[in-house]
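Sharing a structure here in structure tokens format.
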Amino acid sequence: DARVTQTPRDKVTEMGQEVTMRCQPILGHNTVFWYRQTMKQGLELLAYFRNRAPLDDSGMPKDRFSAEMPDATLATLKIQPSEPRDSAVYFCASGLLTSGKYEQYFGPGTRLTVT
Amino acid sequence: SQKIEQNSEALNIQEGKTATLTCNYTNYSPAYLQWYRQDPGRGPVFLLLIRENEKEKRKERLKVTFDTTLKQSLFHITASQPADSATYLCALPGYSSASKIIFGSGTRLSIRP
């Protein structure tokens, strides 16, 4: 049963430290998304890629966040330097977004706590 | 800018009854609308997609309607069970791109035995 995997599942770090979150999308999916979820803001789209090319990162604070897809099996989201307001659950999702198919498959999330 | 509203933060109903959740949107006409389920500590799970030219779609005990005039989707769970308790999210494609999905804030559904 194919699924999206994310590491780490939990991360606690101090303010100012670099955080890297990793995602392995479902093999064959052409689109990868990064979301952030908080109680206050809900699920927010940070960035997404199509065929490994970044299509939109307008939801991301550019000065500290960066997202990349070094290859088809790995997507990364980095925060440097991290701040307490970055504390949230970060989800990666993938999908085969061709005409007529728009469903996304989410990973289990990375719970980030910045103290 | 586009806006999605799920007008109940929480909904409590008795087992066996039909649960009805609402998703309203403004400012544009999406080509489709999706519903997802999210359990605590997990990522959302896709349930159903309905297109703008479809009035209704069913999957087992789930039914979704899409009224493009009212700019509203209704999500029904018939013969509800405690296992249906979860948060339900509606999602729409972004105004600028069909691939850019925007999620509502969700409705937390609790089914009591």
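Coordinate-derived values only; no laboratory data. Everything numeric in this text was worked out from a predicted model, so none of it was measured. Methodologically, a virtual Cβ is constructed for each residue, glycine included, from the backbone with ideal geometry; neighbour enumeration extends over all protein chains shown.
Other chains near B:85-96: what is the mean number of their Cβ atoms within 10 Å of each residue's Cβ? Could you put the intermediate results ahead of the total?
Working: counts 0, 0, 0, 0, 2, 0, 4, 0, 1, 3, 0, 2.
Across B:85-96, the average partner-chain Cβ count within 10 Å equals 1.
Now for a different question. Can you tell me, using C-alpha contacts under 8 Å and at least 6 residues apart, the relative contact order of chain A as a whole percent? Show your work: numbers first, answer last.
Working: 289 pairs, mean separation 42.1, N = 115.
Here the relative contact order equals 37 percent.
Give the Debye-formula value of log10 I(q)/I(0) at each listed q (0.14, 0.17, 0.19, 0.24 Å⁻¹), with one equal scatterer per alpha carbon of chain A, two decimals each.
Result of the Debye calculation: -0.52, -0.76, -0.95, -1.46.
How long is chain B along each principal axis, judged by its Cα atoms, biggest number first, in Å?
That works out to 43, 29, 21 Å along the principal axes.
Just how far, in whole angstrom, is region B:13-46 from region A:9-76 if you go by their alpha carbon centroids?
Distance between centres, Cα-based: 24 Å.
Take every Cα-Cα distance within the protein assembly as shown, group them into 10 Å bins from 0 onward, and report for each bin the whole-number percent of pairs it holds.
8, 32, 35, 20, 5, 0
Mind checking which of B:Q34, B:Q72, B:Q14 has the largest fluctuation in a GNM of chain B, springs on alpha carbons under 10 Å?
Checking each option, the largest mean-square fluctuation is seen for B:Q14.
Taking the Cα atoms of region A:47-109, report the difference between the largest and smallest coordinate on each principal axis, in whole Å and largest first.
Ordered largest first, region A:47-109 gives principal extents of 39, 22, 21 Å.
If you don't mind, another one. Remind me, relative contact order of chain B in percent, using alpha carbon pairs under 8 angstrom and six or more residues apart?
Numbers: 275 pairs, mean separation 39.9, N = 113.
Taking the mean separation of contacting Cα pairs over the length of chain B, I get 35 percent.
Counting only other chains, what is the mean number of Cβ atoms within 10 angstrom of the Cβ of each residue in peptide A:28-38?
1
Connecting C-alpha atoms closer than 10 Å in a GNM of chain B, tell me which of B:I102, B:I50, B:I77 has the biggest fluctuation.
Comparing B:I102, B:I50, B:I77 in a Gaussian network model of chain B, the most mobile one is B:I102.
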